[in-house]
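Working notes, beginning with the structure itself.
The values are calculated or read from the model by the stated rules, or taken from the named source; none is laboratory data. The structure presented is a predicted model; accordingly, all values stated were derived computationally and were not measured. For neighbour counting, all protein chains shown are included, and Cβ atoms are generated from backbone atoms with ideal geometry for every residue, glycine included. Heavy atoms of the whole protein, side chains included, go into the accessibility calculation; ligands, DNA and RNA do not. Shrake-Rupley method; radii C 1.70, N 1.55, O 1.52, S 1.80 Å.
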Amino acid sequence: MNAKPAIILEGVSKTYSIAKKEVNALMNVTLEVSPGRCCMLVGPSGSGKTTLLNLAALLTRPSAGRVVLFGKDTNSLGEYGLDRLRRQFIGVVFQAFNLLGGLNVLDNVTLPLVPRGMGPKERKEAGMATLERLGLGGFAALRAEQLSGGEQQRVAIARALVGDPSLMIADEPTSNLDEENVLAILEILAKLKEEGKTLLLSSHDARVLECGLADTVVRLKNGALQSFAAKG
Amino acid sequence: MRLAKHAGLFGLAASNLVRYSHKTIALFLPLCLAMTLASAMTFVKDGLKKDALLSTTNLPDITLQRLLGGRLERLKEESLSKVSTLPGIARLIPRVWGYFPLEIGGKPFVYTLVGIHPGLQDPKIMGLCVAYGRFLKPGDGNEAVIGSALARSLGVHVGESIVLKDALGNAYAFRVVGLFATSVQIYATDMLVTTIGAARDFLGYGNGEMSDALVYLEEAGLQDLVAKAILSVDPGFRVLTRDTLTDATKQAYSSRAGVFSLVWLVLLLTAALVAWAQLSSISLEQRKEVGILRSVGWGIGDIIELKLFESLIVGVMATASGLFLGAGYLLLGAPLIKGYFIGWSSVFPEFPLPAYAAPESVALLFFTGVFPLVFASVVPSWVASSVEVDQCLRG
Ligand SMILES: Nc1ncnc2c1ncn2[C@@H]1O[C@H](COP(=O)(O)OP(=O)(O)O)[C@@H](O)[C@H]1O
Ligand SMILES: [Mg+2]
């Protein structure tokens, strides 16, 4: 490990309190992902995978511990700083896709380019290129909600990719997809890794585990890190 | 590119308005309606004020009347002899005026009859404008110039006569030689202007008697000085300077404007409340949208700018449409509420509603139309932006 880690989670805990009951979603987890590597989170439902990804994507803050992204300690940053870091480095794919209904596919995909000050023509070109790459060229003008689950998943990936982020975070990118779509998405992820992007994924799909994409596999259980397996 | 970013945000704001067309319409319609009413009222208010102030500019420097027990009494020519020699006075013109009732279409209306010295007073100095025919000239007797609206109501044309009942109940014929343009000023609509001799006959005034005297000074700045001098000659006069009449008119209109403003405020408050209710009812959806945008790399400033554009587009469009509709409504003669605008509809059977769009009023209308919406739109987004993205996404 000569390069500086892309992600460092240091003794990170996350406690949610709902109706005065505290839920320890994540407890004292320490983890590092080097640039260009793929880290896969596995574990049963409710084990804290999504919580960990949300922390790494700066969508929420840890209750304890710290998250360091590309050398930046995020504890010291305000919401503005987090937004900026997210824009600079991160592409996120949610399990629920979180596309904007009513906007067409191209507008959804180019959404991250708007605050970067790209002109409409460049935005359209970049968006179309990304859509073509994911085999979605024909869907550009359709509304997001008119697509199937697998197609929406790919649109969500396109949106995460369009800004060319160094770190791609995807929560269960293959859940609820059929065989063909799972293979298509695994292929895309493998390509991204070849391009040198850092990947942080979660999955409880055996096929994803077995495809050899992950350099490290982190197993969570009840919010705690249960095992850590590195390839090779 | 900075500009490209703002243009992108603006374009997205526009497409968002189309995307949430129900919400857009729910914001647009009440605001547009409120602005239509507010602008119609404002334009009429401005018009009335302008009209009233314009009519005061045509006042003589000083109007002299005689008060007896608080009532207006006829002025006698003899009582003016001492006044007319006071320094500073250029001209002193007697005037006779009164009211006469007239039934039009079975309804009673009241008109004003004014008698003047043709030659001494031209229509311009009285603030009147003759649209058809001619004004009175020396040598005229029972000739009269009347308001076009009155002529229309009576169905008379230039060259024809009208017969009215004089002070003693006898028939008295006036020959109409001209019509006043009523679109210029309201107060000309109910007027019949004739020679002072005819007016005296009609109203039952003796020779040398008058209702009031119009005093024109060598210098307008002498108003107060001459007014004091007149009172010292004869404290029984009621001396009205143009300045005090103008002030009184201004005051009357600002108190009337107060009522307008109140109605206005209620309207706008309603619009603001509707806007607020609309915006907070979708706040869950909006919060989620804020979460999604931030998760894909948007900053808080970008989101606020987007919301700003959205509300500006709706606000400016609704206000502009409201202004046009309000103006159009007035052009159509303000059906239904014309009588409400001016409480004199029982006095005038027909009158044009004066309307004027003062630039400062238009600016104020825009500000009040757009600001509440911008506020109601930007603040919730700003609040949502200060919340963790994960929480926003959960709605
Ligand atoms: N925002 C939240 N509020 C309250 N509890 C939460 C929240 N997010 C997650 N949790 C709880 O934290 C635990 C871990 O959830 P999560 O990270 O979603 O697990 P996974 O993704 O592995 O299924 C669960 O018990 C879940 O109910
Ligand atoms: Mg999950």
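Treat the range B:89-217 as a sphere of radius equal to its Kirkwood radius over Cα pairs and apply Stokes-Einstein at 20 °C in a medium of 1.002 mPa s; give the translational diffusion coefficient in µm²/s, rounded to a whole number. Write out the running numbers ahead of the final one.
Values: Rh = 14.7 Å.
For these conditions, the coefficient is 145 µm²/s.
Kindly sort A:MET40, A:MET118 by accessible area of their heavy atoms, largest first, with the probe set to 1.4 Å. Each step should come with its number before you reach the end.
On the way: A:MET40 0, A:MET118 55 Å².
The residues order as A:MET118, A:MET40, largest area first.
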- Once label points are set 7 Å from the Cα along Cα→Cβ at both A:MET128 and A:ALA229, what is their separation, rounded to one decimal in nm? 4.5
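So how do B:MET210, A:MET128 rank on accessible area, 1.4 Å probe, biggest first, that is with the largest at the start?
Details: B:MET210 0, A:MET128 45 Å².
Largest accessible area first, the residues go A:MET128, B:MET210.
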- Item | Evaluated at q = 0.08 Å⁻¹: base-10 log I(q)/I(0), Debye formula over Cα of the protein assembly as shown | -0.70
- Within the range A:1-68, DSSP-loop trypsin sites (Lys or Arg not before Pro) with at most 13 other C-beta atoms within 10 Å are A:LYS20
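Using a Förster radius of 22 Å, what is the FRET efficiency between A:SER76 and A:THR30 based on their Cβ-Cβ separation? Nearest 0.05, please. Provide the component values of the computation, followed by the final result.
Details: r = 19 Å, r/R0 = 0.87.
After rounding to 0.05, the efficiency reads 0.70.
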- Might you tell me the accessible area per residue for the protein assembly as shown, computed with a 1.4 Å probe and given in Å²? 46
- At a Förster radius of 51 Å, what calculated FRET efficiency corresponds to the Cβ-Cβ distance of A:LYS191 and B:GLN251, to the nearest 0.05? 0.05
- With only helices counted (DSSP H, runs n ≥ 4, each -39500 (n - 2.57)), the per-residue ellipticity at 222 nm for chain A, to the nearest 500, works out to -9500 deg cm²/dmol
- Query: Within straight cross-link reach of B:LYS45, meaning Cα distance under 23 Å, which lysines are found once same-chain residues fewer than 8 apart are removed?
  - Reply: B:LYS250, B:LYS338
- Task: Given the options A:SER175, A:SER203, A:SER148, state which has the largest fluctuation in a GNM of chain A using a 10 Å cut-off (strictly under) for Cα springs.
- Result: A:SER148
- Query: How many angstrom separate the Cα center of the range B:127-163 from the Cα center of the range A:160-180?
  - Reply: 87
- Item | Candidates A:ALA184, A:ALA19, A:ALA158: whichever shows maximal mean-square fluctuation once chain A is modelled as a Gaussian network with Cα springs under 10 Å | A:ALA19
- Message: I'd like the accessible area for B:TRP382, computed on protein heavy atoms only with a 1.4 Å probe and all protein chains in place. Round to 10 Å², please.
- Response: 140
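Given a Förster distance of 22 angstrom, what is the FRET efficiency for B:VAL110 paired with B:ALA173, based on the Cβ-Cβ distance and rounded to 0.05? Don't jump to the answer; show the numbers that get you there.
Details: r = 20 Å, r/R0 = 0.92.
According to the calculation, E is roughly 0.65.
What total accessible area, in Å², is buried where chains B and A meet, using a 1.4 Å probe and rounding to the nearest 100? Mind dumping the intermediate values first?
Values: alone 19580 and 11340 Å², together 28560 Å².
The contact between A and B buries close to 2400 Å².
What is the sum of charges, Lys and Arg at +1 and Asp and Glu at -1, for the other residues whose Cβ falls under 12 Å from the Cβ of A:GLY119? Working shown, then result.
Details: positive: A:ARG116, A:LYS121, A:ARG123, A:LYS124, B:ARG2, B:LYS5; negative: A:GLU122, A:GLU125.
My count for the surroundings of A:GLY119 gives +4.
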- Multiply the residue gap between B:VAL163 and B:ARG71 by 0.36 nm, knock off their C-alpha separation, and tell me the result in nm, one decimal place. 30.2 nm
- Area accessible to solvent at A:VAL68, 1.4 Å probe radius, in Å²: 10
- Could you tell me which of the pairs B:LYS50/B:LYS137; A:LYS124/B:LYS5; B:LYS23/B:LYS307; A:LYS14/A:LYS49; A:LYS4/A:LYS197; A:LYS49/A:LYS221 are separated by over 19 angstrom between their Cα atoms in the structure shown? B:LYS50/B:LYS137
- Task: Tell me which residues come under 5 Å, amide H to amide H, from B:GLY115 once H is placed; ignore anything under 5 positions away on its chain.
- Result: B:VAL96, B:TRP97, B:THR194
- Query: Of the beta bridges DSSP finds with both residues in the protein assembly as shown, what % are antiparallel, to the nearest 5?
  - Reply: 70
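With a cut-off of at most 12 other beta carbons within 10 Å, and DSSP calling the residue loop, which trypsin sites (Lys or Arg not before Pro) in the range B:56-125 qualify? Please list them.
Numbers: sites: B:ARG66, B:ARG71, B:ARG74, B:LYS76, B:LYS82, B:ARG91, B:ARG95, B:LYS124; in loops: B:ARG74, B:LYS124.
Listed in order of number, the matching sites are B:LYS124.
Classify the range B:8-79 as rounded, prolate or oblate, taking a ≥ b ≥ c as the square roots of the eigenvalues of its Cα gyration tensor: rounded when a/c is under 1.5, otherwise prolate if a/b is larger than b/c and oblate if not. Mind showing how you got there, number by number?
Details: a/c = 9.69, a/b = 4.24, b/c = 2.29.
Prolate shape, in that a/c is at least 1.5 and a/b is the bigger ratio.
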- Candidates A:PRO112, A:PRO165, A:PRO44; GNM for chain A (alpha-carbon contacts under 10 Å) flags as most fluctuating A:PRO44
- Message: So, taking all protein chains as they sit and a 1.4 Å probe, how much accessible area belongs to A:MET27, in Å² rounded to tens?
- Response: 80
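Output the antiparallel fraction of DSSP beta bridges having both residues in the range B:89-217, as a percent to the nearest 5.
Beta bridges within the range B:89-217, antiparallel portion: roughly 70 percent.
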- In nanometres, what is the gap between the two model label sites at B:PHE375 and B:LEU273, each 7 Å from Cα along Cα-to-Cβ? 1.5
- Would you mind classifying the range A:116-170 by shape? Square roots of the alpha carbon gyration tensor eigenvalues, ordered a ≥ b ≥ c; an a/c under 1.5 is rounded, otherwise it is prolate if a/b is larger than b/c and oblate if not. oblate
- Would you kindly derive the ³J(HN,Hα) couplings of the range A:208-220 from the backbone phi angles with the Karplus curve 6.51 cos²θ - 1.76 cosθ + 1.60 (θ = phi - 60°), listing them in order in whole Hz, with x for Gly and Pro? 5, 5, 7, 6, x, 6, 6, 7, 10, 10, 10, 9, 10
